[in-house]
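What follows is a short report on a single structure.
The values are calculated or read from the model by the stated rules, or taken from the named source; none is laboratory data. These numbers were taken from a predicted model, which means no experiment stands behind them. Here the Cβ positions follow ideal geometry from the backbone for every residue, glycine too, while neighbour counts run over all protein chains shown. Just the protein is used for accessible areas: all its heavy atoms, side chains included, with ligands, DNA and RNA removed. Shrake-Rupley method; radii C 1.70, N 1.55, O 1.52, S 1.80 Å.
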Amino acid sequence: MTDPEIHTWWPRLSAEAKEVLDALGGEIIPDIVRDEVELLTGTRMLRAERLTVRDRDFIRTQREAVD
């Protein structure tokens, strides 16, 4: 099973779920986020899924202010 790529679900994720991920650190992705991703993508995520460094970099670039 392959988890969905972050660029396919991050833009559609709710503000609440995005804030949960921002506060996450290196912990396992919480159910609220995983459930939402599964609804958005139709793909089940692994229960032990964590954000990768690449995922965190993607989120950071999406949060940066656009000039």
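Need at least 1 residues that are aromatic (Phe, Trp, Tyr) and free of Cβ contacts under 8 Å to residues at least 60 places away in the same chain per element, so show me which helices (runs of 4 or more DSSP H) inside the chain make the cut, counting only ones lying wholly within it.
6-9, 53-63
Please tell me if Leu40 is under 14 Å from His7 (Cβ atoms), surrounded by 11 or more Cβ atoms within 10 Å (Cβ to Cβ), in contact with a Lys or Arg (Cβ under 7 Å, 6 or more places away or on another chain) and not aromatic (Phe, Trp, Tyr).
Spelling it out, Leu40 is indeed under 14 Å from His7 (Cβ atoms), surrounded by 11 or more Cβ atoms within 10 Å (Cβ to Cβ), in contact with a Lys or Arg (Cβ under 7 Å, 6 or more places away or on another chain) and not aromatic (Phe, Trp, Tyr).
Being open to solvent by less than 50 Å² (accessible area, probe 1.4 Å) and of a type in the set (Val, Ile, Thr) is the requirement here; does Thr52 meet it?
Against the criterion (open to solvent by less than 50 Å² (accessible area, probe 1.4 Å) and of a type in the set (Val, Ile, Thr)), Thr52 does not qualify.
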